[in-house]
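What follows is one structure encoded as structure tokens, with my remarks underneath.
The values are calculated or read from the model by the stated rules, or taken from the named source; none is laboratory data. These numbers come from a predicted model, not from an experiment. No Cβ is skipped: glycine too gets one built from the backbone with ideal geometry, and neighbour counts run over all protein chains shown. With ligands, DNA and RNA removed, areas are computed over all heavy atoms of the protein, side chains included. Shrake-Rupley method; radii C 1.70, N 1.55, O 1.52, S 1.80 Å.
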Amino acid sequence: MKMTAFDKAAYLLVVIGGLNWGLIGFFKYNLVDEIFNNSLERVVYSVVGLAAAWMFYQMLMMMNAEKK
């Protein structure tokens, strides 16, 4: 399966989201909140969540393809 630009963007957003969660967990520092000052924070979290849902779907498709 070839990765499209959309797949690469989703992957990048999931990595950024994971790093932000790591910063929150280890240092109680929310980088997204610092950058966007609550103005676009909810939008950013929503887009990262959609990217994670897309990556989950992709993972399921790859697992299904392996079974065949």
In degrees, nearest 10, range 0 to 90: what is the angle between the Cα axis of helix 5-27 and the longest Cα principal axis of the chain? 40 degrees
So how many Lys-Lys pairs in the chain land under 28 Å Cα to Cα, not counting same-chain pairs under 8 apart? 4
For the chain, what does the helix formula give at 222 nm: sum of -39500 (n - 2.57) over DSSP H segments with n ≥ 4, over the residue count, nearest 500 deg cm²/dmol? -28000 deg cm²/dmol
Let me know the charge dipole size of the chain about its Cα centre in debye, to the nearest 20, where only the beta-carbon of Lys, Arg (+1) and Asp, Glu (-1) is charged. 300 debye
Quick one: ranking L13, L40 by accessible area, 1.4 Å probe, largest first, what do you get? L40, L13
Which percent of the accessible heavy-atom area of the stretch 14-68 goes to carbon and sulfur, probe 1.4 angstrom? 70 percent
